[in-house]
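> I'd like to ask you about the structure that follows.
The values are calculated or read from the model by the stated rules, or taken from the named source; none is laboratory data. Quantities reported herein were computed from a predicted structural model and do not represent experimental measurements. So basically every Cβ, Gly included, is an ideal-geometry build from the backbone, and we count neighbours across all protein chains shown. Note: accessible area is taken over every heavy atom of the protein model, side chains too, but ligands, DNA and RNA are not part of it. Shrake-Rupley method; radii C 1.70, N 1.55, O 1.52, S 1.80 Å.
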Amino acid sequence: MQELDFNQFTQDMLFIEKMDSDVPLHVFRVFDDIVAGKEPNQKYIEEFKKYSPKSPEFARLCDLYQKYIQSPTGPFAEELNRLWNNMSPLFDLDISAVPRTSISMIFREIDTFNKVTQLDILKTMTTRGYFQDTLNKTKILSAIAANEFATTSDKVVVAKAIGAKNMNIVRDTLEALKADLTKELSQQFPNQKLIPTICDAAQSLCKTVKSKMNDQELAEHEAYLDTVYREFDIDNISNFGFDYIAKTQQSLEERALNTEKQVKEQADAIRDKDTQISQLNDRLSAEIKAKDEYKAKLDTALKEKASLEKQLRDEENARTRLANQLDEVEKKLRAEKNKAVKFKDAAAALETGWGSKKGIEAFKKEIAEAYKDETYQI
């Protein structure tokens, strides 16, 4: 079971901050000291006791302080320490002592609280000078506008601050002002002071948002804002509702005209895209055709290469065969030459008288050996 009501504690701390005195800062320092394990200033504790009978917020905070010092290590103290360590920059009125990096940490813990407390936290963040230049400003403003407990006045503040960065918030805020005005005008006795207040808020919002727009934003939203501005002209609201309702219909028509303009712009943009796509298709077709032509040339070249390679192989084979045949002829020529030499030598031997029977037989043997034929006879 949770020992500390995070929502009540946070709401009480933010409530006492609105006091026009140093007491809220002293209360902050009391809690900051006890969480840090320091001894609080007795003067600040006396202020607790002084204001507690006058304010239920001070009474609850004083009770929490007493509970903490009675058990500084129990579950309640652990919960208060955890909450304080994350959220204390929100309660510190000494702006110079707050690290700017703490702001993101606070925004990250926002879902710990209920929607009512969330709205109090977010509104406090927007009113602090050291929150105004943080990167989270737009997120904080958008979160306020989306909070279900945000009043129309809250939304007006947000819409003025966020301007054309989020026209959805601006439109929703103007519609909320229209609803408030319509509700008031529908009363049997409308509030004569509230009606001008609503009209001033709406016209002031239109002027503020326009003043923050660049040329492109003005071209897109100026007609709508001017139309709404005229709808909230207090001098034109003479029949307490009837005329205003008719003007509201004109505003819807104005919005329809803006929608028609946007549709035309979108159609023009689509035509431009179609033209670009057509040009890209033409380029793609030309590139595909060039690729096909290159592929055909490549195929022809590859075929010619294959044919030449085959022709080369055939010629090499023919050359090999001719070389082999030449070798055979040379062998035969050498054999015939050897035979001729043998016959010549034999003939010379017979003519010189060396033709004894023994010599003739020796020549016959040599000739037979030359011809590899033992049956050869001279």
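> Within the stretch 11-28, identify whether any single residue is assigned to a loop (DSSP other than H, G, I, E, B), among the basic types (Lys, Arg), open to solvent by 80 Å² or more (accessible area, probe 1.4 Å) and under 22 Å from residue 116 (Cα atoms), and answer yes or no.
Looking through the stretch 11-28, at least one residue is assigned to a loop (DSSP other than H, G, I, E, B), among the basic types (Lys, Arg), open to solvent by 80 Å² or more (accessible area, probe 1.4 Å) and under 22 Å from residue 116 (Cα atoms).
> Spot the failing condition for residue 2; the list is (1) under 38 Å from the mean Cα position of the chain (by Cα); (2) part of a loop (DSSP other than H, G, I, E, B); (3) among the polar types (S, T, N, Q), and only one is missed.
The number of the failed condition is (1).
> Filter the stretch 56-68 down to residues that are open to solvent by 20 Å² or more (accessible area, probe 1.4 Å) and in contact (Cβ under 8 Å) with a residue 24 or more places away in the chain, then give me how many there are.
Matching residues across the stretch 56-68 total 3.
> To continue, here is another question. So residue 87 ticks every box in (1) open to solvent by 20 Å² or more (accessible area, probe 1.4 Å); (2) not in a loop (DSSP other than H, G, I, E, B) but one. Which box is left unticked?
(1)
> If I ask for residues that are modelled with pLDDT under 90, open to solvent by 60 Å² or more (accessible area, probe 1.4 Å) and under 24 Å from the mean Cα position of the chain (by Cα), which ones from the stretch 139-194 would you list?
Hits for the stretch 139-194 are 139, 165.
> Determine, yes or no, whether residue 47 is over 41 Å from the mean Cα position of the chain (by Cα), surrounded by 13 or more Cβ atoms within 10 Å (Cβ to Cβ) and under 19 Å from residue 112 (Cα atoms).
No: the conditions fail for residue 47.
> Within the stretch 120-135, is there a residue that is at pLDDT 85 or above and closer than 20 Å to residue 4 by Cα?
yes
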